[in-house]
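Here the structure comes first, spelled out in structure tokens, and everything after it is commentary.
The values are calculated or read from the model by the stated rules, or taken from the named source; none is laboratory data. Please read all numbers here as calculations on a predicted model, not as lab measurements. As a convention, Cβ positions derive from the backbone with ideal geometry for all residues, glycine included, and neighbour counts pool all protein chains shown. The area values use the complete protein model at the heavy-atom level, side chains included, leaving out ligands, DNA and RNA. Shrake-Rupley method; radii C 1.70, N 1.55, O 1.52, S 1.80 Å.
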Amino acid sequence: MDNRMLWNERYTKGLAALEIPDPFFVKMYEEHISQVFPNGGTALDLAAGTGRHTLYLAAANWQVSAVDISDVAMERLAEKANGGLVQTTCADLAEYTFPVAAFDLIVLYYHFDRALFGAVSAALKPGGLLISKQAVGKPASPHALQEYELLQLTEGLEQISYAERPVKERGVAEYLGRKPFK
């Protein structure tokens with residue numbers, strides 16, 4: 001089964017845990033993002049799913065581009081957005097063409113691909129923010145994010161907030177960083 005079919009099946013069955021904004025996202029939005037961009041801006045939500053963060057941002061007057069591999073998820077998000085400030089794109093992120101210096105905010109939750117981070121950084125406008133939450137894998141797996149690796153992958157950004165903590169048999173890394181004004 002390919003990735004699109006897998007995620008379409010999961011979204012068809014429903015993923016209730018992915019319907020409400022993540023607590024770290026809400027905290028960083030309230031404490032930092034809304035302070036830097038009080039009137040909203042342009043955002044890119046990668047691996048957006050059915051849009052828990054997309055819809056939160058759209059409600060706060062952000063123009064949001066949401067990208068996900070699942071056409072089921074993108075259809076559901078488009079219905080929920082009801083023609084609002086949301087543009088949906090069904091695409092595999094490995095094949096997605098990132099515009100350069102186009103976004104004030106990029107959201108990247110639980111989609112880990114080392115090759116994306118350079119394009120993500122380039123897609124931020126100067127002063128733009130990246131918020132990311134990733135699973136931290138076991139040291140034996142070269143395909144999983146390792147402890148503190150997210151800091152290396154975002155090296156060109158100014159760190160605002162970073163924490164790693166255990167969750168069940170793995171951990172999570174929570175990150176907020178800013179592209180420098182050069």
Q: Calculate, for the stretch 34-118, the solvent-accessible area per residue in square angstrom, rolling a 1.4 angstrom probe over the heavy atoms of the protein chains.
A: 43
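How do the peptides 23-29, 174-180 rank, highest first, by the average count of neighbouring beta carbon atoms within 10 Å per residue?
Details: 23-29: 17.3, 174-180: 20.7.
Final packing ranking: 174-180, 23-29.
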Q: Would you kindly calculate the mean projected area, averaged across all directions, of the convex hull enclosing the Cα atoms of the stretch 43-162, in square nanometres?
A: 7.4
(Q) For a quick check: with amide H placed at 1.01 Å from N, whose amide H comes under 5 Å from residue 109's, ignoring anything fewer than 5 positions away on the same chain? (A) 46, 133
**Q.** Integer Hz, Karplus 6.51/-1.76/1.60 couplings in order for the stretch 93-99, x for Gly and Pro
**A.** 4, 5, 10, 6, 9, 7, x
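When only C-alpha pairs under 8 Å and at least 6 residues apart count, what is the relative contact order of the chain, in percent?
On the way: 345 pairs, mean separation 30.6, N = 182.
That works out to 17 percent.
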Q. Residue 66's amide H: which non-local residues (gap 5+, or another chain) put their own amide H closer than 5 Å, with H modeled 1.01 Å from N in plane and none for Pro or chain starts?
A. 45, 87, 88, 89
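Leaving out ligands, DNA and RNA, and with a 1.4 Å probe, what % of the accessible surface on the chain is carbon or sulfur? Intermediate results must be reported in sequence, preceding the final value.
Working: 4860 of 9270 Å².
Of all accessible area on the chain, carbon and sulfur atoms account for 52 percent.
Multiply the residue separation of residue 135 and residue 3 by 0.36 nm, subtract the distance between their alpha-carbon atoms, and state the gained length in nm to one decimal. Walk me through the numbers on the way to the answer.
Values: separation 132, 0.36 × 132 = 47.52 nm, distance 1.83 nm.
Net length gain for the segment: 45.7 nm.
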Q) For the stretch 100-174, what does the alpha-carbon gyration tensor say about shape, rounded, prolate or oblate, given a ≥ b ≥ c as the root eigenvalues, a/c under 1.5 as rounded, and a/b over b/c as prolate? A) prolate
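Could you check what % of the DSSP bridge pairs in the chain are antiparallel, to the nearest 5? Before the final figure, lay out each step's value.
Values: 17 of 38 bridges.
Just about 45 percent of them are antiparallel.
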Q) What ³J(HN,Hα) values, in whole Hz, does the Karplus curve 6.51 cos²θ - 1.76 cosθ + 1.60 give for the stretch 169-182 when θ = phi - 60°, with x put for Gly and Pro? A) 8, 10, x, 10, 10, 10, 9, 9, x, 10, 6, x, 7, 10
Q: Any chance you could run the full-extension gain for residue 82 through residue 169? It's 0.36 nm times the residue separation minus the Cα-Cα distance, nm to one decimal.
A: 27.4 nm
**Q.** Using θ = phi - 60° and Karplus 6.51 cos²θ - 1.76 cosθ + 1.60, couplings along the stretch 24-36 (whole Hz; Gly, Pro as x)
**A.** 5, 4, 4, 4, 5, 5, 5, 7, 10, 4, 5, 6, 7
Q) Under a point spin-label approximation (7 Å from Cα along Cα-to-Cβ), what is the residue 110-residue 59 distance to one decimal in nm? A) 1.9
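If you take every DSSP beta bridge fully contained in the stretch 98-182, what fraction is antiparallel? Give it as a percent rounded to 5.
Roughly 70 percent of the DSSP beta bridges within the stretch 98-182 come out antiparallel.
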Q: Before rounding to the nearest 500, sum -39500 (n - 2.57) across all DSSP H runs of length at least 4 in the chain and divide by the residue total; then give [θ] at 222 nm in deg cm²/dmol.
A: -7500 deg cm²/dmol
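Net charge near residue 58: determine it from the other residues with C-beta under 11 Å of the C-beta of residue 58, scoring Lys and Arg +1 and Asp and Glu -1. Kindly include the intermediate steps, with their values, before the conclusion.
Values: positive: 80; negative: 45.
Every neighbour counted, the sum reads 0.
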